[in-house]
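This report concerns only the one structure given below.
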Amino acid sequence: MLSMNRCDTTPLLAYDDALAQLTGSVAPRAAVTEVPLLQATGRILARSIDAAIDVPGCAMSSMDGYAINTADLADAAITRLPLSQRIAAGDGVTTLKPGNAARIFTGAPLPAGADAVIMQEQVQVDAQGICFEQRPQSGQNIRPRGNDIQRGATILRQGMRLRAQDIGLAASVGLGSLPVFDAVRVGIFFTGDELVEPGEALASGKIYDSNRYTLHGLLESLGCEIVDLGLVGDTLEATRAAMLEASARADLVVTTGGVSVGEEDHVRIAIEQLGELRLWRLGIKPGKPLAYGQINETAFIGLPGNPVSVFATFCLFVSPVIQIMQGRDWHKPIALPVRADFDWPKPDSRREFLRARLVYGAQGDTRVEIFPNQDSGVLTSTVWADGFVEIAENETVRRGDSVDYLPYAQFFG
Ligand code: AMP
Ligand code: MG
């Protein structure tokens, strides 16, 4: 009862303040593992990588054609050269015979003494050698040594989440493995006696558990290891037991439901008994109650039960916390200014995150529209949308105004 009163009188905590408190209270995990390149996609790079070699390691032809030395053509009357060599990709570096041309292929090493490649389409070949009309320029169709990467250059930054092209770049300098941070282990469970797992029959008064499935996908997309304890009934005993197990097995525990101030909201009480808890009434919509705390060394975030709020508060708060724990170079999502294709006439004292998507006009103009039903009970809105429009506290919007659009992808780095 005491807690209930405390919570009801707690002022709303602004989005920026809540985010700053949360992100300021977590630290990167230190453990580093060296993983083979083929297992490194999606992992977080644990230290910056400097190239040990030049790429390419020698000058190369970027065309199928003929390598020549432009100095041999100083006399403008010369339009043909004898052909004396053939150099294919994979051959070792050779030397161009002075006054001659060498047949050369894309990716083959330029012979010493050559300084240009004439593409084969501009050359006629006969028994005497090659003949051409256009005067070649020194350097044409050549990739100089170190054109892509110079030895010693930092090619990958610590804290980046490794994408396909990052792995390719590491391979191009000959690395067989990369140092990555260990995956963050996230323990999850879902409270509510009304919940039934999809696939089972739905008895009267029950609803299907959707949060578990949304949360799984969100955590997977961040590259987390998941410790899933499933559904937990609305008793203090069951909640405490789940909380203890999850905190013992994970770096972070995330739950949904049971953080309001009702008698069936045991998550709050369990954390108060087992560790430290801060319960916030967030000044955002959707997603009012959010619990944040600690059980021993394990961080805890209790999301509201409402599925739309779960999706939004995960994007806004849980994803930043996880990214920082992962050692990622997290930054606040960057909003795109886009013209509103809607009116939002009623100001709200809470910051609103409307489910929205871009529309592309015939004239090439981009606008953002919102799902017609912004009720926080409408999960369909999150599927229809591809991002949020963020509306500041007490603001209204008129069609044509510039608004802040946050694509979902922004929240995942
Ligand atoms: P609570 O915060 O526990 O009071 O839950 C708020 C609302 O979210 C209630 O209508 C719950 O039935 C609903 N809810 C809670 N957990 C889930 C879940 N895992 N899946 C779908 N709806 C949920
Ligand atoms: Mg509940």
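The values are calculated or read from the model by the stated rules, or taken from the named source; none is laboratory data. Note that the structure is a prediction, hence the values are computed from the model and not measured. No Cβ is skipped: glycine too gets one built from the backbone with ideal geometry, and neighbour counts run over all protein chains shown. SASA here: full protein model, heavy atoms, side chains in, ligands and nucleic acids out. Shrake-Rupley method; radii C 1.70, N 1.55, O 1.52, S 1.80 Å.
Computed quantities for the displayed model
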read-out: Longest to shortest principal axis, alpha-carbon extents of the chain, angstrom; value: 99, 51, 42
read-out: For Gln85, residues with placed amide H under 5 Å, excluding near neighbours; value: Arg103
read-out: Cut-off under 5 Å, modelled amide H: who pairs with Ile149 long-range; value: Val55
read-out: Prolate/oblate/rounded label for region 336-407 (Cα gyration tensor, a/c 1.5); value: oblate
read-out: Residue order for Lys97, Lys332, Lys346 - accessible surface, 1.4 angstrom probe, largest first; value: Lys346, Lys97, Lys332
read-out: Between region 138-214 and region 307-374, the Cα center-to-center distance that results, in Å; value: 22 Å
read-out: Percent carbon-and-sulfur accessible area, the chain, ignoring ligands, DNA and RNA, probe 1.4 Å; value: 51 percent
read-out: Residue-wise HN-Hα coupling along region 71-77, computed from phi with Karplus coefficients 6.51, -1.76, 1.60 (Hz; x: Gly, Pro); value: 5, 6, 10, 4, 7, 5, 6
read-out: Solvent-accessible area per residue for the chain (1.4 angstrom probe, square angstrom); value: 47 Å²
read-out: Electrostatic dipole magnitude of region 336-407 [Cβ: Lys, Arg +1; Asp, Glu -1; Cα centre; debye, to 20]; value: 100 debye
read-out: Alpha-carbon centroid distance for the pair region 377-399 / region 80-131, whole angstrom; value: 62 Å
read-out: For region 24-104: relative contact order, % (alpha-carbon pairs under 8 angstrom, 6 or more apart); value: 30 percent
read-out: 5 angstrom amide H check on Ser177, placed H, neighbours 5+ away; value: Leu37
read-out: Only Lys, Arg (+1) and Asp, Glu (-1) charged, at Cβ; the chain dipole about Cα centre in debye; value: 1000 debye
read-out: J(HN,Hα) series, region 37-46, from Karplus relation 6.51 cos²θ - 1.76 cosθ + 1.60, nearest Hz, glycine and proline x; value: 3, 5, 10, 9, 4, x, 8, 9, 5, 8
